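A short write-up of the structure that comes next.
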Amino acid sequence: MQRLALVLLTIVSMGCATANHQQLYYWGEYQNLLYDMYVNPGKADPLKQIDKLNQVIEKSAARGLRTPPGIYAHLGYMYAATGEQGLSIAAFHREMELYPESKHLIQGMLNRAQSNSNPSVTSSGAKSGEENQ
């Protein structure tokens, strides 16, 4: 009987301990967006994903919670898919700021994106050889 009481007390105390945990991240629809992107890659509309990712980021801030790891990398990838290189780079850098452990992965993505970009276009967007008029 004492053993049963001890087991019940342990279970109750474990339940109380897990009931008070704080949520660290606000995930929102992020997990669903990732799922859609990987399961149906051609059907994941980048503009829709950008909008929803930005909503998750805004709601995270409003709730005082951190954004989940990878959300800015995903946002950067979506911006790149729409040709928004400046916004893409900014999102990748934000991911590295928030999650320094992602630096090697993100830096590799940035390096590949830079090497795949059109070498005849300068950082200002003008084609090499064009004169300012």
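Cβ-Cβ distances below 6 Å connect the following pairs, each with a first residue in the range 65-83 that is farther than 15 Å from Pro41 by Cα and without any contact (Cβ under 8 Å) to a residue 60 or more places away in the chain, a second residue that is surrounded by fewer than 21 Cβ atoms within 10 Å (Cβ to Cβ) and among the aromatic types (Phe, Trp, Tyr), and a separation of six or more residues or different chains: Leu65/Tyr25; Leu65/Tyr26; Arg66/Tyr25; Pro68/Tyr25; Pro68/Trp27; Pro69/Tyr99. Of the listed requirements (1) touching a Lys or Arg at 6+ places or on another chain (Cβ under 8 Å); (2) modelled with pLDDT of 90 or more; (3) of a type outside the set (Asp, Glu), Thr82 misses just one: (1). The set of residues from the range 83-104 being part of a loop (DSSP other than H, G, I, E, B) and surrounded by 15 or more Cβ atoms within 10 Å (Cβ to Cβ) comprises Glu84, Tyr99.
Among the residues making up the range 34-48, those that are part of a helix (DSSP H, G or I) and surrounded by 10 or more Cβ atoms within 10 Å (Cβ to Cβ) are Leu34, Tyr35, Asp36, Met37, Pro46, Leu47, Lys48. Considering only residues of the range 58-74 that are of a type outside the set (A, V, I, L, M, F, W, C) and not in a helix (DSSP H, G or I), which is farthest from Glu84 (Cα to Cα)? My answer is Gly64. Of the residues that make up the range 35-53, is at least one modelled with pLDDT of 80 or more, small (Gly, Ala, Ser) and on the phi > 0 side of the Ramachandran plot? Scanning the range 35-53 turns up no residue that is modelled with pLDDT of 80 or more, small (Gly, Ala, Ser) and on the phi > 0 side of the Ramachandran plot. Looking at the range 20-74 only, could you name the residues that are in contact with a strand residue (DSSP E or B) (Cβ under 9 Å, 6 or more places away or on another chain) and over 17 Å from Arg94 (Cβ atoms)? Correct list: Leu24 only. Filtering the range 30-51 to residues that are in contact (Cβ under 8 Å) with a residue 24 or more places away in the chain and more than 14 Å from Gly70 (Cα to Cα) leaves Pro46, Leu47.
The values are calculated or read from the model by the stated rules, or taken from the named source; none is laboratory data. What you are looking at is a predicted structure, and each value in this text was computed from that prediction instead of being measured. Don't worry about glycine lacking a Cβ; one is built from the backbone with ideal geometry, like all the others, and counts go over all protein chains shown.
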